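Notes follow the structure.
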Amino acid sequence: MQMQVKLENRLMKTLRLDQIQSLEILQMSSLELEQYLIEKANENPLLTLDSENNSFQKLLETSYIKEKMSPSFSSEENHWDFIERSARVQENFEQFFIEQIPLAVPLSDLDVKILKFLICSLDDRLFLDVEIAEVAEKFHTTSAHVEEIIQLLQTLEPVGVGARNYIEYLLIQTNRFPNVPPFIKEIIKNDLHLVAENKLKQVAKKYSESLSEIQQAVAFIKNLKPIPAGFKETAIHYIVPDIEVYRAGGEWAIQVIQKNLPAVQINEEYVELLKQQTENKQFLKRYLKDAKAILLGIEKRNKTIYEFVRLLLEIQPDFFEQGIAGLKPMRLKDIADHLKVHISTISRMVKGKYLQTPHGIYSFQSLFSKGIISSSGKSDSIIFIKKRIKELIEQENKRKPLTDEQLAIQLNNEGISISRRTVAKYRIEMNIASSFNRAL
């Protein structure tokens, strides 16, 4: 046990020094990465950005954003146009989060209503500004039930969404990193005031850790993302695919989408200039190391995304040919084993990422689902089974809707072994009424 703790501490040190920036970049969505690069370029004089294709800038130039910043209500028509646009943006705002939830996650109609209410209660920082007891009373449920939905919301992107205060915001980020020693979380929960006062010896004594361990822990905490500002109004409804799969000459081709990100380069002229000035050696070393780490992080991010999609083409050919109906059950662990990486790497990679195919755009997370073995030995994904249930209901006689029992019989006739109770569960998760309530 002691050997394991020492090994985890050693891994943590290595992570802080060499890999933390790559892991941060890997888990960012395209829009988050874009904003991160802009911030880094402002901090690091050696980094230059070519923002000609900057999608965030294009977003700011759209008519909605311009009118949102300075709305004009000079006429009744403009007034109603503004209201309709606001309603559409709110709908997109909700959808941005809900579509990140894998279909395999069982959500009841009440769960979805609570989740949408919580999403509408997010402030401009995406912090949750609502009392759990009030939400529980509103939806006639328990506080524990509401807390479960909040925990689900906090797993979504961008990192930190649904935090109720600054401490919880930091803890949500910390939970995304593997092998973080427990004392770091305890420092965040209880002793940030001591860190702010630089009383690190007192913190070291409290947790029976060396001063160097505490200093590294503080460096880790300071490297976490600061509280975002204004993200809700601009970026939330703007989904950018990270990679595309398309047909080229009868073969499948993969293209990592870079056009939405500014091109990142190291300013070599400035580097050479600083090399000639001996008093700037430490300055140059620090910023050059940071710049190279960012470039390496982007390269690793693109490579991981590419390898994931290339593997998808091998193990999910029916998905690319047929769309979601051809998707087979797939777990994060299966992908991690195939790519010979840790499951936490895959977990980071799939969050907030989107794949563009000839059949549409899919979040990476939505491609992972459990499955049911059919009578032929084929494993059908829950996504496909739900789609088939929905199709059968859409095709039913509206005067004599199919019962859950009849749906189960039909699916079993098609080779899908499923019970009436499971059919009812999937129907409820899709917010489809019972046969009694569907009857005309």
(request) Would you mind checking the pairs LYS222/LYS340; LYS40/LYS340; LYS189/LYS222; LYS351/LYS425 and listing those with alpha carbons more than 22 angstrom apart? (result) LYS222/LYS340; LYS40/LYS340; LYS351/LYS425
(message) Can you compute 3J(HN,Hα) from phi for each residue in segment 419-424, using the Karplus curve 6.51 cos²θ - 1.76 cosθ + 1.60 with θ = phi - 60°, rounded to whole Hz and x for Gly and Pro?
(response) 8, 4, 4, 5, 4, 4
(message) Quick one: 3J(HN,Hα) in Hz for segment 331-336, Karplus 6.51/-1.76/1.60 with θ = phi - 60°, rounded, Gly and Pro as x.
(response) 10, 4, 5, 4, 5, 4
(message) Between segment 331-360 and segment 385-428, how far is it from one alpha carbon centroid to the other, in angstrom?
(response) 31 Å
(request) Set the Förster radius R0 to 35 Å, insert the Cβ-Cβ distance between LEU339 and ARG438 as r into 1/(1 + (r/R0)^6), and round the FRET efficiency to 0.05. (result) 0.20
(message) Residue by residue through segment 353-360, what is 3J(HN,Hα) from phi via Karplus (6.51 cos²θ - 1.76 cosθ + 1.60, θ = phi - 60°)? Round to whole Hz and write x for glycine and proline.
(response) 10, 10, 10, 9, 10, x, 9, x
(message) Taking amide H atoms as placed 1.01 Å from N in the peptide plane, list the residues 5 or more away in sequence, or in a different chain, whose amide H sits under 5 Å from that of LEU47.
(response) ASN267
(request) Take the cross-link list LYS292/LYS353; LYS225/LYS303; LYS328/LYS390; LYS259/LYS386 and give me the ones stretching past 29 Å between alpha-carbons. (result) LYS259/LYS386
(request) Write down the Å³ per residue value for the convex hull defined by the alpha carbon atoms of segment 165-220. (result) 73 Å³
(request) Calculate I(q)/I(0) for segment 115-224 by the Debye formula, one identical point scatterer on each C-alpha and no solvent, and give its log10 at q = 0.17, 0.19, 0.23 Å⁻¹ to two decimals. (result) -0.83, -0.93, -1.15
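No lab work stands behind these numbers, since they all come straight from the coordinates. This structure is a prediction, so every number in the text was calculated from the model and none was measured. A quick note on method: Cβ atoms are made from the backbone with ideal geometry, for glycine too, and the neighbour counts reach across all protein chains shown.
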